[in-house]
Amino acid sequence: MDGATYPTTAPVLILLGPPGAGKGTQARMLEDKFGLVQLSTGDLLRAAVAAGTEAGQEAKAVMEAGGLVSDEIVIAILSDRMAEPDCAQGVILDGFPRTTHQAEALDAKLAEAGQRVSAAISLEVDPVRMVQRVAGRFTCGDCGEGYHDDFKWTKVPGVCDACGGKNMPRRADDNAQTAMSRLDAYQVQRAPLVVYYSSKNVLRPVDAMGSIGGIAASLADIVAQSLAKE
Ligand code: AMP
């Protein structure tokens, strides 16, 4: 991770989990509770695609096909974002790392500043139910409220309950076929990362098939313990 200056005292937490495991939701709750900054490499990449940057143009087709964007692009985008001042409070990484090379690049950068990953929280899920969750989700383009074809409909079809907006985009990669290929890719990626973070003694598995509140409580305990050690 060249170029970025990462603060020495900020905790770095990692959320590992497949698409649909609730990483985004849980990360935002931890952000509110602990004042950390959630960094989703998926969001950063989608912003780059929307902005039409060179990296975004290169990433677009790979993302739509459910593949992995090159380590080089992802690391550069994340590194730039982590160098921004608001990250001085600490970060929750959502969707990163996805490869051992990314994990090593992060550790090398943190080690330069005498820092290390505080905890790698692994959200443990049932793969079949994950595909169902991902394939049906959509979001209000105006306020960000999330919906789902099977679990949470809008009261009036096509109109957001929260803000009345009628712009309801679906992510191009949120369909059953792409969800399956993203899940397969995740299972392959997960194994070496679990080994990597176990060997560093920072892996914290959490059962992520329960209620959102129950999972949030488990995560909050882990984060509080990590912060106490900083
Ligand atoms: P996500 O929002 O985390 O599901 O990411 C959406 C897509 O962005 C993924 O399917 C990948 O194509 C790409 N992506 C996100 N994070 C990474 C990463 N750490 N490494 C490579 N590709 C990524």
With +1 on each Lys and Arg Cβ and -1 on each Asp and Glu Cβ, how big is the dipole of the chain about its Cα centre, in debye rounded to the nearest 20?
500
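For the chain, what does the helix formula give at 222 nm: sum of -39500 (n - 2.57) over DSSP H segments with n ≥ 4, over the residue count, nearest 500 deg cm²/dmol? Each step should come with its number before you reach the end.
Numbers: 8 runs with 110 residues, N = 230.
The helix-only estimate for the chain comes to -15500 deg cm²/dmol at 222 nm.
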Could you pull out every whole DSSP H run in the chain that spans at least 24 Å of Cα extent along its own axis and averages 0.5 or higher on the Kyte-Doolittle scale?
212-229
Which stretch or stretches of segment 110-126 have amide N atoms under 19 Å from the point lying 7 Å from residue 191's Cα along the Cα→Cβ direction?
122-126
Please compute the contact order of the chain in relative form: average sequence separation of alpha-carbon pairs under 8 Å and at least six residues apart, divided by the residue count, as a percent.
30
Rounded to the nearest 10 Å², the accessible area of residue 209 using a 1.4 Å probe with every protein chain kept is 40
Would you work out the charge dipole size for segment 1-116 about its Cα centre, treating the Cβ of every Lys and Arg as +1 and the Cβ of every Asp and Glu as -1, and quote it to the nearest 20 debye?
380
Expected sort for 94-100, 177-183, 219-225, 164-170 on mean C-beta neighbours within 10 Å, highest first, is 94-100, 177-183, 219-225, 164-170
Could you order 84, 124 by accessible surface area, starting with the largest, using a probe radius of 1.4 Å?
84, 124
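Determine the per residue accessible area of segment 21-141 with all protein chains present and a 1.4 angstrom probe, expressed in square angstrom.
Details: 5250 Å² over 121 residues.
Per residue, segment 21-141 has 43 Å² of solvent-accessible surface.
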Cβ crowding within 10 Å averaged over residues, with 23-36, 189-202 ranked highest first:
23-36, 189-202
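For segment 11-144, rounded, prolate or oblate, judged on the Cα gyration tensor with a ≥ b ≥ c (square roots of eigenvalues), a/c < 1.5 rounded, else prolate if a/b > b/c? Please report the intermediate quantities before stating the final value.
On the way: a/c = 1.44, a/b = 1.18, b/c = 1.22.
It comes out rounded by the Cα gyration axes.
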PRE zone check, label point 7 Å out along Cα-to-Cβ of residue 207, amide N under 19 Å, scope segment 84-126, hits 121-126
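Indicate, rounded to the nearest 5 percent, the antiparallel portion of the DSSP beta bridges found entirely in the chain. List each step's numbers first, then the result.
Values: 5 of 22 bridges.
The antiparallel fraction comes to roughly 25 percent.
May I ask you to give the percent of accessible area on the chain that is carbon plus sulfur, with a probe radius of 1.4 Å?
On the way: 6020 of 11150 Å².
That fraction is 54 percent.
Is segment 133-188 best put as rounded, prolate or oblate by its Cα gyration tensor, with a ≥ b ≥ c the root eigenvalues, rounded for a/c under 1.5, and otherwise prolate when a/b is larger than b/c, oblate when not? Present the calculation step by step, with values, prior to reporting the outcome.
Working: a/c = 3.11, a/b = 2.42, b/c = 1.28.
Taking the square roots of the gyration eigenvalues as a ≥ b ≥ c, segment 133-188 is prolate.
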Among 75, 134, 167, the residue whose Cα sits farthest towards the positive end of the charge dipole of the chain, when +1 is placed on the Cβ of each Lys and Arg and -1 on the Cβ of each Asp and Glu, is 134
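The values are calculated or read from the model by the stated rules, or taken from the named source; none is laboratory data. Since we're looking at a predicted model, the values are computed, not measured. No Cβ is skipped: glycine too gets one built from the backbone with ideal geometry, and neighbour counts run over all protein chains shown. Protein only, heavy atoms only, side chains kept; ligands, DNA and RNA dropped before computing areas. Shrake-Rupley method; radii C 1.70, N 1.55, O 1.52, S 1.80 Å.
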